[in-house]
Amino acid sequence: MLKLLLGDPNSRKLKRYQPLVSDINLLEEEISPLSDDELRGLTAEFREKLDKVDQPARKKQLLDELLPQAFAVVREAGKRVLGMRHFDVQLIGGMVLHDGQIAEMKTGEGKTLVATLPSYLNALTGKGVHVVTVNDYLARRDAEWMGQVHRFLGLSVGLIQQEMMPSDRKRNYACDITYATNSELGFDYLRDNMATDLSDIVQRDFQYCVIDEVDSILIDEARTPLIISGQVERPQEKYRMASDVAARLIRSPEMGKDGIDPEGDYEVDEKRRNVTLTDQGYAHAANLLGIQDLYDSADPWAHFVNNALKAKELFSKDVNYIVRNQEVVIVDEFTGRVMPGRRWSDGLHQAIESKELLPIQPETQTLASITYQNFFLLYPRLAGMTGTAKTEELEFEKTYKLEVTTVPTNRISSRVDWTDQVYKTEPAKWRAVANETAEIHGRARPVLVGTTSVEKSEVLSSLLAELAIPHNLLNAKPENVEREAEIIAQAGRAGAVTIATNMAGRGTDIILGGNSDYMARLKCRGVLLPVLVRPEDGHGAPIPYQRSTDAGGGFGAESPTAPPQAGRALGTLYPCALSDDTERDLSALAKELVQQWGDRSLTLLELEDRIALAAEKAPTTDPLIQKMRDLLRSIKAEYDLVVKQEEAQVREAGGLHVIGTEPVSYTHLTLPTKR
């Protein structure tokens, strides 16, 4: 009744933004004729106005007044640099973010492009803006891709990656706009608070933050603690003995009720992620260890036995962790990505190492800790965007004081959502998924299958191999993570089949027909990497081959290192062979770069940065970067001839087919278009 009388609150918000959209559209006519230098000059004008204001409240008011001009400038820069013009609904999304709200925008509506609007406007204050993504790949992609707009307009863009040194972090945090993951921001905050010298602090005071996939970070991971630990010496033989004891203890078939222990040695509460010994199990464990009391202060064992039981029941290989180079490496349950260098605390990591019969590293204790919820509440102004926020609207408002505004789509969605299919058994479900994938693949449509763990992705990979379906696998295994850019670049090609864990489930762009820009960069990278990057950086094959159907779904020998020289079967990386002239130019450039930059003298990150700079349209005074840029354009132009035809073919066939596989049901989505 109230909705009928007062109207939809969301519609009222959108109407409030409409006059600003009209102003920006009018300003577009004035700004379009400006030269590149004149357009960049507006950034200096905006900053000069803001520098004259000291009071924070007045500065925020001035930002609001500058919004139409600033958004019009970013829209024009987007057209010139990216070839993308912000739609009116994307302008509204930017206004929602600037107001410190959450913008709910559907998949494919260009949230990444939307973030450039409030980021630019708030970066004009000179106090820094953080754009947060869920993984390192997306942070780098956005810094390289959307960062072109900001750099074109005269702002500095920083990027925080997992392997960066403190000096590099400090320099990147000092930039006007910094792209980073939520975990890197949180851990840097903890390290800064443990620093004993001001020179060791890498972050500056927080001002404004835009979070991509905000529901994942602020709701799903809200209570996830970020922990920095220190080493504690404990006898390693106790971990081995506790693992042996845990292997001989018997799990209770059900939980105890009314204080009465069930049959068995221990009960498992999977919801609370806890294991509890019964009286029978307590006596059994003490007997196996040959002691009287597990809690004896002189010789305590309860801590070791409990951790061994948790390792046995609650932590599974290829789900919660993987084993790499004789080490247990954690897999993030929310992103599906490996987290090298991170360890579980209080002896749990050691218990898992013992279970896997690996060398046991020293135990750690917590030195500093914070949850994502408490960390992001430190920002004076916070905003976020996602495709699914309305369902958690009350929680966002109650916990973070964030309103949710639903932004309409630019066009009517052409996606078709099919009903879920539910199976009695898991093997039947996976067989059905494999059969449907094979059927859609046979129609020359790209297929994306989402799974929740490494183990399940490999089960499906084995089934597809049995059906002789070529496919790419993107999960936390190192050999697959290294191919992430390659896999995503070709996931939208005709007949391509991609199996992905949730590590790639958020924010990755699948372009129908294939991503010719990425293909060109990967081609260039494949030629330059062996001759410019130091071998000790441990780079693998520059362009690994796709998983073949005769691999049995497992992980066999290393892929050949030679990049393809001619067009190959459907689904391979490059859509066609390059012309002889372009191949010669690429070889000549590689030789010149070796002469100028040195033979295998760069780190992998340095090479990636230089290729990313060459892929931009922002002005450069470096003649070598300009040569690389011209060559990338030539390669992309040749690939585009094939990719555009393939895009039309994929659209005609029905677009991208997406299959979700959890829980027991699986879901079909058909996405005819993806902008």
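If R0 is 56 Å, what FRET efficiency do you get for residue 466 and residue 55 from their C-beta distance, rounded to 0.05?
FRET efficiency, residue 466 to residue 55: 0.25.
Only four residue types carry charge here, +1 at the Cβ of Lys and Arg and -1 at the Cβ of Asp and Glu. Report the dipole size of the chain about the Cα centre in Debye, rounded to the nearest 20.
1440
Let's see if you can work this out: charge +1 on each Lys and Arg Cβ, -1 on each Asp and Glu Cβ, no other charges. What is the dipole magnitude of the stretch 194-348 about its Cα centre, in debye to the nearest 20?
420
Once you place label points 7 Å from the Cα toward the Cβ at residue 398 and residue 260, how far apart are they in nm?
3.6
Along Cα→Cβ, 7 Å out, is where each label goes; now give me the distance between the ones at residue 531 and residue 582 in nm to one decimal.
1.8
Just add up the charged neighbours of residue 291: K/R +1, D/E -1, any other residue whose Cβ is under 12 Å from the Cβ of residue 291.
-2
Return a whole-number percent for the relative contact order of the stretch 163-276, with Cα pairs under 8 Å and 6 or more residues apart as the contact set.
16
Just how far, in whole angstrom, is the stretch 288-355 from the stretch 176-216 if you go by their alpha carbon centroids?
Spelled out, the Cα-based centre of one part sits 29 Å from the other.
Relative contact order of the stretch 69-183, please, whole-number percent, based on alpha carbon pairs below 8 angstrom and at least 6 residues apart.
Relative contact order of the stretch 69-183: 26 percent.
For residue 156 and residue 621, compute 0.36 nm times the residue count separating them, minus their Cα-Cα distance, and round to one decimal in nm.
Length gained between residue 156 and residue 621: 165.8 nm.
If every alpha-carbon in the stretch 580-666 counts as one equal scatterer, what log10 I(q)/I(0) does Debye give at q = 0.11, 0.20, 0.21 1/Å?
Each listed q corresponds, in turn, to -0.52, -0.98, -1.04.
Helix 9-31 versus the longest principal axis of the chain: what angle, 0 to 90°, nearest 10, using Cα atoms?
Roughly 40 degrees, rounded to the nearest 10.
The stretch 27-43 to the stretch 60-133: how many Å between their Cα centroids?
Comparing the Cα centres of the stretch 27-43 and the stretch 60-133, I get a distance of 17 Å.
Helix 36-51 versus the longest principal axis of the chain: what angle, 0 to 90°, nearest 10, using Cα atoms?
Tilt relative to the chain: about 70 degrees.
7 Å from Cα along Cα→Cβ at both residue 443 and residue 272: what's the point-to-point distance in nm?
According to this spin-label approximation, the distance is 4.9 nm.
On alpha carbon coordinates alone, what is the Rg over Rh value for the stretch 1-131, Rh being the Kirkwood radius?
0.99
For the stretch 167-173, in order, what is each residue's ³J(HN,Hα) by Karplus, 6.51 cos²θ - 1.76 cosθ + 1.60 with θ = phi - 60°, in whole Hz (x at glycine and Pro)?
So the J values, rounded to whole Hz, are 5, 5, 4, 4, 5, 6, 5.
For the chain, state the semi-axes of the equivalent ellipsoid (square roots of 5 times the eigenvalues of the alpha-carbon gyration tensor), sorted largest first and rounded to whole angstrom.
Calculated on Cα positions only, the semi-axes equal 43, 32, 28 Å.
Which length gain, in nm to one decimal place, applies between residue 423 and residue 342 when the Cα-Cα distance is subtracted from 0.36 nm times their residue separation?
Gain on stretching residue 423 to residue 342: 25.4 nm.
Show me the ranking of peptides 343-351, 647-655 by mean Cβ neighbours inside 10 Å, starting with the highest.
Final packing ranking: 343-351, 647-655.
Which whole-number percent is the relative contact order of the chain (Cα, under 8 Å, 6+ apart)?
Averaging sequence separation for qualifying contacts and normalising by length gives 14 percent for the chain.
Nearest 500 deg cm²/dmol is fine: what mean residue ellipticity at 222 nm does the chain get from its DSSP H runs of n ≥ 4 alone, each adding -39,500 (n - 2.57), divided by its residue count?
-14000 deg cm²/dmol
Considering the options 382, 298, 152, tell which one lies farthest towards the positive end of the dipole of the chain, charges being +1 on Lys and Arg and -1 on Asp and Glu at the Cβ, about the Cα centre.
Projecting each Cα onto the dipole axis, the largest value belongs to 152.
Give the long-range amide H neighbours of residue 274: residues separated by 5 or more places, or on another chain, with amide H under 5 Å away, using H modelled in the peptide plane at 1.01 Å from N.
For residue 274, the qualifying residues are 269.
How many percent of the accessible area of the chain is carbon or sulfur, using a 1.4 Å probe?
Carbon and sulfur atoms account for 51 percent of the accessible area of the chain.
Could you tell me which of the pairs 317/523; 106/523; 15/401; 401/456 are separated by over 28 angstrom between their Cα atoms in the structure shown?
Too far apart for the 28 Å limit: 317/523; 106/523; 401/456.
Reported to two decimal places, what Rg/Rh ratio describes the stretch 178-316 when computed on Cα atoms with Rh from the Kirkwood expression?
1.13
Going Cα to Cα from residue 59, which lysines come in below 18 Å? Please leave out same-chain ones fewer than 8 positions away.
The reachable lysines, counting only those whose Cα sits under 18 Å from residue 59, are 49, 127.
How long is the stretch 238-337 along each principal axis, judged by its Cα atoms, biggest number first, in Å?
42, 33, 22
Do any of 591/627; 79/170; 60/390; 52/111 go past 23 Å between their Cα atoms, and which?
Too far apart for the 23 Å limit: 79/170; 60/390; 52/111.
Could you tell me which residue out of 228, 122, 369 lies farthest along the dipole of the chain toward its positive end? Charges go on the beta carbon: Lys and Arg +1, Asp and Glu -1, centred on the Cα centre.
Result: 122, furthest along the dipole toward the positive end.
Could you work out how far helix 136-145 tilts from the main Cα principal axis of the chain, as a 0 to 90 degree angle to the nearest 10?
With both axes taken from Cα atoms, the answer is about 0 degrees.
Over the chain, give the accessible area per residue in Å² for a 1.4 Å probe, as an integer.
45
The values are calculated or read from the model by the stated rules, or taken from the named source; none is laboratory data. A quick note: this is a predicted structure, and the numbers were derived from the prediction, not measured. A quick note on method: Cβ atoms are made from the backbone with ideal geometry, for glycine too, and the neighbour counts reach across all protein chains shown. Note: areas computed on protein heavy atoms with side chains; ligands, DNA, RNA excluded. Shrake-Rupley method; radii C 1.70, N 1.55, O 1.52, S 1.80 Å.
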